[in-house]
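K.L.:
This is the structure, below, for whatever I ask next.
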Amino acid sequence: MLVSDFLVPLPSGAEAHPYRDDDWNVVYKLFFLGGDGSLGRKIALEETENDRFEIKLLPARLIDTLEKLSVLNEAGAHPTEIVGLSTTADFLIAKQPLAFPYQDYTSDRETATHALGALVPPFTNLERQVAVFWLDSNGWLISDLHHRNIMRDREGNPTIIDALIGPVPRKAMRKLAWLRNAVEDAETIRSGHKPKKRIEFGEESDDDSL
């Protein structure tokens with residue numbers, strides 16, 4: 001059991017126990033070590049036996065969760081500082097500025113996703129919705145943007161306080177046109193330009209001479 005004389009416990013999530021520090025207006029997140037040795041979770045786009053691709057929810061290692069916190073922070077999610085490990089080595093501690101409830105979930109999620117430079121590709125046939133963004137010469141998948149992970153910062157801007165991410169696999173890039181297009185568009189967005197207009201379903205021409 002975790003107790004504190006000055007930190008206020010907040011509802012725990014699947015990965016971490018958060019605590020609010022009212023003196024400094026920050027939240028400490030204690031990512032806990034799982035019984036299987038995992039520390040947090042991650043997503044992976046994997047090919048199934050019937051030649052389809054699915055988003056898998058997998059246990060993460062310490063290095064995976066450190067990477068997640070760093071990537072989200074650099075990409076433009078809610079600012080996150082990695083504090084370090086607890087003295088018992090069973091908690092990874094991160095710190096964020098205090099965030100506030102969203103006003104309209106759907107609208108705020110879209111704005112927060114755009115702030116990350118991410119886009120939601122259409123027609124993926126995936127059961128779990130994902131967005132794609134570009135950072136440090138790599139494409140990234142992001143998911144788990146549920147109600148508790150979308151909030152507003154102190155200036156009132158919608159922001160992503162947490163999510164699950166995973167790198168875009170090269171094998172999937174070769175086989176999935178929607179993923180290649182999304183990664184190309186995400187790279188264009190990261191460079192500060194508008195992506196080119198894609199032909200959407202139903203817009204194809206029947207004129208064979210084109």
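K.L.:
Looking at this model, which pairs from Lys68/Lys175; Lys42/Lys171; Lys68/Lys197; Lys171/Lys196 are more than 21 angstrom apart at the alpha-carbon? Can you show the working numbers first?
P.N.:
Numbers: Lys68/Lys175 26 Å; Lys42/Lys171 18 Å; Lys68/Lys197 30 Å; Lys171/Lys196 24 Å.
Table pairs above 21 Å Cα-Cα are Lys68/Lys175; Lys68/Lys197; Lys171/Lys196.
K.L.:
Here is a follow-up. Give me the distance in nm between label points sitting 7 Å out from Cα along the Cα-to-Cβ direction at Arg52 and Glu81, one decimal.
P.N.:
4.6 nm
K.L.:
How would Val3, Val26 line up by accessible area, probe 1.4 Å, largest first?
P.N.:
Working: Val3 130, Val26 20 Å².
Correct descending sequence by accessible area is Val3, Val26.
K.L.:
If amide hydrogens are placed 1.01 Å from N in the peptide plane, which non-local residues have theirs closer than 5 Å to the one on Thr159?
P.N.:
Close amide H contacts, sequence-distant or interchain: Met151, Arg152, Asp153.
K.L.:
Whole number please: convex hull volume per residue of the Cα set in the chain, in Å³?
P.N.:
Working: hull volume 32.0 nm³, N = 210.
Each residue corresponds to 152 Å³ of Cα convex hull volume.
K.L.:
Please give the per residue accessible area of the stretch 33-165, computed with a probe of 1.4 Å over protein heavy atoms only, in Å².
P.N.:
Details: 6900 Å² over 133 residues.
In whole numbers, the stretch 33-165 has 52 Å² accessible per residue.
K.L.:
Taking the simple approach of a point 7 Å from Cα along Cα-to-Cβ for both Glu127 and Trp24, what is their distance in nm?
P.N.:
4.2 nm
K.L.:
By accessible area of protein heavy atoms, probe 1.4 Å, what ranking do Thr48, Thr159 get, highest first?
P.N.:
These residues rank, largest area first, as Thr48, Thr159.
K.L.:
Below 8 Å between Cα atoms, with a sequence gap of 6+, how large is the relative contact order for the stretch 75-139 in percent?
P.N.:
On the way: 57 pairs, mean separation 16.7, N = 65.
Once divided by the residue count of the stretch 75-139, the mean separation gives 26 percent.
K.L.:
Just reorder Lys95, Lys197, Lys29, Lys68 by solvent-accessible area, largest first, 1.4 Å probe, all chains present. Don't jump to the answer; show the numbers that get you there.
P.N.:
Details: Lys95 55, Lys197 160, Lys29 30, Lys68 5 Å².
Result of the area sort, largest leading: Lys197, Lys95, Lys29, Lys68.
K.L.:
Pop out the Kirkwood hydrodynamic radius of the stretch 136-178 from its pairwise C-alpha distances, inverse of mean 1/r, in Å to one decimal.
P.N.:
Working: mean 1/r = 0.0803 Å⁻¹.
Computed over Cα pairs of the stretch 136-178, the Kirkwood hydrodynamic radius comes out at 12.5 Å.
K.L.:
Once each part is reduced to its C-alpha centroid, what is the distance from the stretch 1-64 to the stretch 108-136 in angstrom?
P.N.:
Using only Cα atoms to place each centre, the spacing works out to 20 Å.
K.L.:
Then there is this: Just the number, please: carbon plus sulfur as a percent of the accessible area of the stretch 95-149, 1.4 Å probe, no ligands or DNA/RNA counted. Walk me through the numbers on the way to the answer.
P.N.:
Numbers: 1370 of 2920 Å².
With neighbouring chains kept in place, the figure for the stretch 95-149 is 47 percent.
K.L.:
How large is Rg over Rh for the stretch 76-146, taking Rg from the Cα atoms and Rh as the Kirkwood inverse mean of 1/r across Cα pairs? Could the numbers behind the result be given before it?
P.N.:
Values: Rg = 15.3 Å, Rh = 14.6 Å.
In the stretch 76-146, Rg relative to Rh is 1.05.
K.L.:
Still on this model: Could you give each residue of the stretch 92-100 its phi-based ³J(HN,Hα) in whole Hz, using Karplus coefficients 6.51, -1.76, 1.60 with θ = phi - 60°, and x for Gly or Pro?
P.N.:
Listing the rounded values in order: 9, 10, 10, 9, 9, x, 4, 10, 10 Hz.
K.L.:
Can you compute the modelled spin-label distance between Trp178 and His17, with each label point 7 Å from Cα toward Cβ, in nm?
P.N.:
It is 4.0 nm.
The values are calculated or read from the model by the stated rules, or taken from the named source; none is laboratory data. None of the values given here were measured: they were computed from a predicted structure. Heads up, the Cβs are rebuilt from the backbone with ideal geometry, glycines too, and the neighbour counts pull from every protein chain shown. SASA here: full protein model, heavy atoms, side chains in, ligands and nucleic acids out. Shrake-Rupley method; radii C 1.70, N 1.55, O 1.52, S 1.80 Å.
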